Amino acid sequence: MSKRIGIEVAVAAAEAAALCRFDVAAVYPITPQSHVAEHLSNIVADGRIDAEFITVESEHSAMSAAMGASATGARVVTATSSQGLMYMHEVLPIASAMRLPIVMAIANRAVSGPLNILNDHSDIMPQRDSGWISLFAENGQEVVDMMIQAFKIAEHRDVQLPVNVNIDGFQLTHMVEPLEMPDQKEVDKFLPPYKPYATLHPDKPVSMGTFAMNDVYTEVMKAKDAALVNSKEVILAVWKEWEKRFGRAYEPIEGYRVKGAEILMLTMGSMGETAAVAIDELRKKGIPAGLLKMKLWRPFPFDELKKAVKGAKTLIVTDRAVSFGGPGGPVAGEVRSALYDQPTRPAIINEIIGLGGRDMMVEHFMEIVMKAAKAGRKKRKEAYEFYGVREA
Amino acid sequence: MAAKKWPENWQNVNRGCVVFRPGSAGDYHTGSWRAQQPVWDNVKCIKCGLCYIVCPEGCISEGSDGYYSADLDYCKGCGICTHECWPRAIKMVEEG
Ligand code: SF4
Ligand code: SF4
């Protein structure tokens, strides 16, 4: 039986990895991920599971060690944030190209400069094209569930790709939440031991991480893209199985009060909870607003997005990062491109919100929606807006 | 020498590019990168073996007569052997 407990979410993320009986954790601590690192280290030091904790000297080394361990057939977990993730960037596409099913918890935090330790999504967005499966958790329960689901998805024979679970720094990582911790026996039934496709072992030598020039690189990239695209089917199947076993449903894009909604707002991560309260308030005022919470960022849920926005007049896409000199926020850029071919599509408004930990309250989300309701289909002058920016 | 074998299509790319056959790097003939090739003048050669030691490709070998030559399947034409051979027995010659 699952147990209902009150627990800090960062600690819960590490506990979830322990329920998955990881073999190796290679982690370098960084705010606000540090409690994940510390707790993984505690779990190993206390001998609670038979695992190694590799104390690395940097995040680049953390990912490199994780890859080496994964290549031997070990189940590997790591975690990072912000500058650490940026430092890891060089190795991320190698992990996915080598099809190593590493699971990484990311405590999302703004990137420097200027130095800022608070939450936004500017660390994960530059990793978008690394070939990792990317999940976004909204609350502590989703963090626990996704950490466990991540191993099953990553290790699936038809996937074999690394997965990152995005957890808003502080807003989620440092929150003590009541949540259901699945039982070890249930997790064991859900997650069988990892059966690797190939391993580094002297008894049967293989080469990994090899050389491929212009005569074959294109084919390798096509195969990698196909792996990402095809992984969606497995992700959906794993989420179905999760719902059956644990009773909690997951979708690439979760709708909240979308029935009859003319104005939809799209969020990723923990702000979905605040935005949902705003939607309730707006509905009370008779404004037909609804919320779309995107949980799956890579592979991008094209079909689900098209279906979700059908019938809506306006779609407000919130972004927690900036593509400087580009289309605004990276999420809005992708949403616009995904809907471009649709015969009818909503007007798209891009609000860049909550940068570097700037608070977004219920009334802020309400203001955004009410402004959009008033403007109707009238085209805005700017393709995007830094919500709440102090202007002269 | 096994013939160079690329996957015919992307569907045939081994997952993660794992190579199950040891020694397959030998299939890749780096000699195609070469613009100049080393040519030995054995009259000047004193059989010191320095060229054999310094070749970064490891493609120089000693013949039964004690003189040295490069395997042109792998020689990249870097010219290090020529530069290091102190009796100046090796010359770099443009590829024809
Ligand atoms: S380095 Fe020059 S002299 Fe020495 S073995 Fe090679 S070719 Fe002969
Ligand atoms: S040119 Fe370079 S690669 Fe070729 S034999 Fe000389 S040292 Fe070796």
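The values are calculated or read from the model by the stated rules, or taken from the named source; none is laboratory data. These numbers were taken from a predicted model, which means no experiment stands behind them. So basically every Cβ, Gly included, is an ideal-geometry build from the backbone, and we count neighbours across all protein chains shown. Side chains included, ligands, DNA and RNA excluded: accessible areas come from the protein's heavy atoms. Shrake-Rupley method; radii C 1.70, N 1.55, O 1.52, S 1.80 Å.
Results, tabulated for the structure shown:
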{"quantity": "Which listed pairs, of A:Lys3/A:Lys285; A:Lys232/A:Lys284; A:Lys152/A:Lys293; A:Lys222/A:Lys379, have C-alpha distances above 29 Å, in listed order", "calculated": "A:Lys3/A:Lys285; A:Lys232/A:Lys284; A:Lys222/A:Lys379"}
{"quantity": "On Cα atoms only, tilt of A:330-339 relative to the major axis of chain A in degrees", "calculated": "70"}
{"quantity": "Residue with peak Gaussian network fluctuation, chain B [Cα springs, cutoff 10 Å], from B:Ser24, B:Ser64, B:Ser32", "calculated": "B:Ser64"}
{"quantity": "Helix A:362-375 axis, angle to chain A major axis (alpha carbon atoms, nearest 10°)", "calculated": "50"}
{"quantity": "Label-point separation, B:Lys44 to A:Glu281 (7 Å along Cα→Cβ), nm", "calculated": "8.7"}
{"quantity": "Dipole axis of segment A:89-183 (+1 Lys, Arg; -1 Asp, Glu on Cβ), positive-most option in A:Gln171, A:His156, A:Val91", "calculated": "A:Val91"}
{"quantity": "Sequence of A:Phe300, A:Phe386, A:Phe211 when ordered by accessible area, the most exposed leading, probe 1.4 angstrom", "calculated": "A:Phe211, A:Phe386, A:Phe300"}
{"quantity": "Chain A, helix-only ellipticity at 222 nm - DSSP H runs n ≥ 4, -39,500 (n - 2.57), divided by all residues, nearest 500", "calculated": "-12000 deg cm²/dmol"}
{"quantity": "Rounded to 5, percent antiparallel among DSSP beta bridges of chain A", "calculated": "25"}
{"quantity": "Calculated FRET efficiency for the pair B:Ser24/A:Asn116, C-beta based, R₀ 45 Å, to 0.05", "calculated": "0.40"}
{"quantity": "Residue with peak Gaussian network fluctuation, chain B [Cα springs, cutoff 10 Å], from B:Val39, B:Val54, B:Val18", "calculated": "B:Val18"}
{"quantity": "Selection from A:His121, B:Ile46, A:Ala37 lying farthest towards where the dipole of the protein assembly as shown points positive, charges on Cβ", "calculated": "A:His121"}
{"quantity": "Per-residue HN-Hα couplings for segment A:379-389 [Karplus 6.51, -1.76, 1.60; θ = phi - 60°; Hz; x = Gly/Pro]", "calculated": "5, 7, 5, 9, 6, 8, 9, 7, 4, x, 5"}
{"quantity": "Virtual spin-label span in nm between A:Glu382 and A:Glu363, 7 Å along Cα→Cβ", "calculated": "2.2"}
{"quantity": "Cα gyration tensor category, rounded, prolate or oblate, for the protein assembly as shown with a/c compared to 1.5", "calculated": "prolate"}
{"quantity": "Simple Cβ-charge dipole of segment B:25-94, Lys/Arg +1 and Asp/Glu -1, about Cα centre, in debye nearest 20", "calculated": "280"}
{"quantity": "Protection proxy ranking of A:309-320, A:57-68 - average other beta-carbon atoms within 10 Å, highest first", "calculated": "A:309-320, A:57-68"}
{"quantity": "Cβ charges +1 (Lys, Arg) and -1 (Asp, Glu), total dipole of segment A:253-386, debye", "calculated": "540"}
{"quantity": "Lysine pairs with alpha-carbon atoms under 18 Å apart, chain B, spacing 8 or more or separate chains", "calculated": "4"}
{"quantity": "Dipole magnitude (debye, nearest 20) for the protein assembly as shown, charges at Cβ of Lys, Arg, Asp, Glu", "calculated": "1660"}
{"quantity": "5 angstrom amide H check on B:Val18, placed H, neighbours 5+ away", "calculated": "none"}
{"quantity": "Degrees separating the helix A:217-246 axis from the principal Cα axis of chain A, which is the longest one", "calculated": "80"}
{"quantity": "Where chain A is the region considered: accessible area per residue in Å², 1.4 Å probe", "calculated": "43"}
{"quantity": "Residues with amide H under 5 Å from that of A:Ile7, placed H, sequence gap 5 or more", "calculated": "A:Glu177, A:Leu179"}
{"quantity": "Label-point separation in nm, A:Lys195 to A:Glu177, each point 7 Å along Cα→Cβ", "calculated": "3.4"}
{"quantity": "Whole-Hz ³J(HN,Hα) from phi, Karplus 6.51 cos²θ - 1.76 cosθ + 1.60, for segment B:17-32, glycine and proline x", "calculated": "6, 5, 9, 8, 9, x, x, 6, 4, x, 6, 8, 8, 5, x, 5"}
{"quantity": "Mean-position separation - Cα centroids, segment A:129-181 and segment A:342-382, in angstrom", "calculated": "27"}
{"quantity": "Positive-end residue, segment A:253-386 charge dipole about Cα centroid, Cβ charges, pick of A:Met361, A:Gly272, A:Ser337", "calculated": "A:Ser337"}
{"quantity": "Loss of accessible area when B meets A, both sides summed, Å² nearest 100, probe 1.4 Å", "calculated": "1700"}
{"quantity": "Efficiency of FRET from Cβ geometry, A:Glu186 and A:Thr218, R₀ 56 Å, rounded to 0.05", "calculated": "0.80"}
{"quantity": "Karplus 3J(HN,Hα) series, Hz, for segment A:195-201 with 6.51 cos²θ - 1.76 cosθ + 1.60 (x for Gly, Pro)", "calculated": "10, x, 6, 8, 9, 7, 8"}
{"quantity": "Spin-label proximity, B:Asn12 to segment A:201-222 - amide N less than 20 Å from point 7 Å beyond Cα toward beta carbon", "calculated": "A:207, A:210-222"}
{"quantity": "Other-chain or far-sequence residues with amide H under 5 Å of A:Ala26's (modelled H)", "calculated": "A:Ile54, A:Val77"}
